[in-house]
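Values in this text are rule-based calculations from the coordinates and carry no lab data. Because the structure is predicted, anything quoted here is derived from the model rather than measured. Please note: Cβ atoms are built from the backbone with ideal geometry, for glycine as well, and neighbour counts cover all protein chains shown.
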Amino acid sequence: MSSPIPGVVAWAAIGYVSILLMVRFWLGGGAVIDRLVNHTGLWSIATLLVYRWASTPTIDDPANQLAMGGVLMTATYQYSIGRLVGADSEPDTIWRHQRNVALFAVVATASMVLAATSAKYSGRPVDLRLAGVGLGIGCAFAVPYNTFVLTRTLLGPLRDVDTPRAARVVCVVLIGSNAVLCGALALWLFQPATAWPDGPQASLVQAAFTLWVATNTTLHAIPLVAELTLRAGMDRATRTCRRLLPLWRDLTAAVPQIVMPADTRHGSDPATRLLRMTVEIRDAMLHLGPYLPPETDETQRNTVRAREPDRDLADYAHRLIRAAQARKAGLPPAGTSAPPPMPVVAHDFDTELAHLIDLARVWPQATAAVESADRTARGASPVHGSPTTG
């Protein structure tokens, strides 16, 4: 077996693509873009496996001829992905067009294999000269249509100043990897033009294709990682919801009417849940404002010991817990004046969320301090109805 790619590298690439493809199928997704990406992965694996069966690195090896057909087939799927991302046509239209270009790839591969087989049995070199089917095959493999479409699509985000840096890196890597594969395929024009059957074209295409598969598979894995993180509850929104849960639970128990009904369409979306929790916590704090006890020495003593930067926040958490207790017990508000202002004033959602996270951080300690103070107060109160001595 002759190949420019070491066996360890080739089999590692095949295993890498296979694992990610199995994860994609496990996660599901029947959208056109998912089907295009999955078919790209299947053809990539098939092509890499066929390359492992080649006995020589030249075009006269049938395995290399079939592998070139696999390269062409994956290029057609990349072309369709570029059109879909660029919103050139409707998804269903692109999927139907993909079947047509895939048929073209099959015909081009079959023509190449038949021409090479005929030349071999006739005792002629497999050079696919500039005549008839040879020219057509050479152009089919060398025309960089997928690179043109993808590059045009990806230049849009690169020109947009608001595109995040990570997205820019992905666009540049995609353009670069497709350009490398396109350059390797362009060498196939030299085959029919120069009758160079023993040149390095097949080896270069195999090396470029392996690099292209590894790069594109890694980029396609980014949404998989995001989806797996979301399903495992490790995304940022879900983790923030867990941090706010004790605060939200205690405040909404005191003011249950502010809890909004669940949205069946977006209720499971972590970002939506986080927004709802933030709004409901803020509403509960506004309702509990009139019940906030004034700051006294007793309040300061019962407040959990906190670092100096957190002391005001811990004091407010202590008073908010007392306000929730008073409202749940049906007691009247602490005063008739306007409710005291919130400890912080936020003018945007991110700032408000950051302040609520800080409050949630001191909330468990403040709750424990209040419960401890209540137990101490109950233990110090006289026991009614106890027997007296005469």
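In terms of packing, defined here as the mean over residues of other Cβ atoms within 10 angstrom, the peptides 36-46, 274-284 line up highest first as 36-46, 274-284. Computed packing ranks the peptides 176-183, 102-109, 371-378 as 176-183, 102-109, 371-378, most packed first, by mean other Cβ atoms within 10 Å.
The radius of gyration of the Cα set in the stretch 29-113, together with its Dmax, comes out at 14.1, 43 angstrom. When you count the other C-beta atoms within 10 angstrom of each residue and take the mean per peptide, 17-26, 230-239, 314-323 line up highest first as 314-323, 17-26, 230-239. Per residue and in Å³, how big is the convex hull formed by the alpha-carbon atoms of the stretch 209-258? Once divided by residue count, the hull of the stretch 209-258 is 73 Å³.
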